[in-house]
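Working notes, structure below.
Just so you know, all these numbers are worked out from the coordinates, no wet-lab data involved. Since we're looking at a predicted model, the values are computed, not measured. For neighbour counting, all protein chains shown are included, and Cβ atoms are generated from backbone atoms with ideal geometry for every residue, glycine included.
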Amino acid sequence: MKFQAQSRSARSSWLLEFCKRPISEEVYVAQYSSHVSLSLPVPVPRLSDSDPRMLNFDALRRAPLSREPFDHVVVDDFLPAVAASEVATDFPVIRATGSFPLSELSYGPAFAELIEELNSPEFERGIAEGFGLDLSTYVRVTTIRGRVSGHDGGVHTDAKWKIISALLYLNQQWHGQGGRLRLLRSRDINDMAVEVIPKWGVLLAFRRSDHSWHGHPPAEGDRRVVQVNWVNSQAMADRELRRHRRSAWLKRLLGQPV
């Protein structure tokens, strides 16, 4: 689906109304879709002629769980390069830093299909099995980042209400040292156990804990990532989505490109 934005004034009014209401992402997207127009989908490359999926779930199932410095899984080529051209073209145009809910973005059919697979039971099952968890009682929240600035990447552990975070990187090239996510043994950005280059198709998933320190050295420019978080309640999911929607709305109100 390719989404076309409404006029700024009508859409801003509508967004302001929704920022005041507790609402799940699924309901929000369903209602938002009545305010956009759709274009016909185009074929998206698959893993093989016999496999209709875009994502490499077999690689996820084979990936070992690493315990150092905290529980995490890294899957190279989770989104194979065969899909790079279409998904990159259909990725949302994001000119601002920060995380954005899907409901705030316009994107094309290949990216929409990627999101559908990331929201699938198969993806949740693969993550759950990898960490030995039952994720069915938690709520999934999906947000998108497109750009990074020098103030991003500070060392943190994630909020306590997050259970698992999964990051799918969609950068076709990454040459700089900045922006590479580091899994740390302490609060020190240089106390690094693992470094993950945010290159195309790499999936990093980790379990939040009081010592799940991570961050990255400063970087500027495009840094595309889909963030899928399992959180401990619908209330926290709604609060997180409202926070990101409000941030996007304020950026538009102040005339900042999103």
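Put simply, the amide H of Asp77, placed in the peptide plane, has neighbours under 5 Å in Val202, Leu203, leaving out anything fewer than 5 places away on its chain. Here the simple spin-label model places points 7 Å from the Cα toward Cβ, and for Asn232 and Val82 these points are separated by 4.2 nm. Using the average count of surrounding beta-carbon atoms within 10 Å as a protection proxy, the listed peptides 187-197, 139-149 rank, highest first, as 139-149, 187-197. When +1 charges are put on Lys and Arg Cβ atoms and -1 charges on Asp and Glu Cβ atoms, the dipole computed for region 61-173 relative to its Cα centre reaches about 360 debye. Approximating the spin labels as points 7 Å out from Cα along Cα→Cβ, the Arg147-to-Leu65 distance works out to 3.9 nm.
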